[in-house]
Amino acid sequence: MEKLGIRPDLLITQIINFAILLFLLYRFLYNPILNMLHERRERIREGLAEAERVRAEAEEQRRQYEQELARQRQESQERIQRAMQASEEAREEIIAEARREAEQIKARAREEIEYERRQALEQLRTQVADLAILAARKVLDGAIDESVQRHLVQRFIDEELEKELA
């Protein structure tokens, strides 16, 4: 081996040094690196688990937010619907009240017209009776007494009014 330029004592020393170096690397570097890699792997796993937990929590919060938003929209729609219904009911009530008042006004007007008509007929009856009595008095010059004349004229007026009203 010496012909190849290899010295056996150096080779053995080199092998022993290499074995010591391997032992030292294994003892002081390999295990700490493995431990560090293992710890890093655990931290990554924990970080991923935490990220998944946060993602799930965020998803749950988003779902709750959407549910709350949907509930709020539904409540708003219901409030709008109730307000529209209340306004429609109020409008119908106002219209009904206006119709009732209009009917009352019409009824009062009819009553007043009827009252005025009766009053006018009564005045007309009285005037016609007075005129008829006066005319009859002039014609008969006292042949029939006034109460009989009034009765005859009243009967005549009643008959004429019944004909006209019928």
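Tabulated results
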| item | result |
| --- | --- |
| Flag for GLN119 being among the polar types (S, T, N, Q), at pLDDT 95 or above and under 60 Å from the mean Cα position of the chain (by Cα) | no |
| Exclusive hit being more than 38 Å from the chain's Cα centre (by Cα) and assigned to a helix (DSSP H, G or I), set ARG71, ARG53, ARG63 | ARG53 |
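The values are calculated or read from the model by the stated rules, or taken from the named source; none is laboratory data. A quick note: this is a predicted structure, and the numbers were derived from the prediction, not measured.
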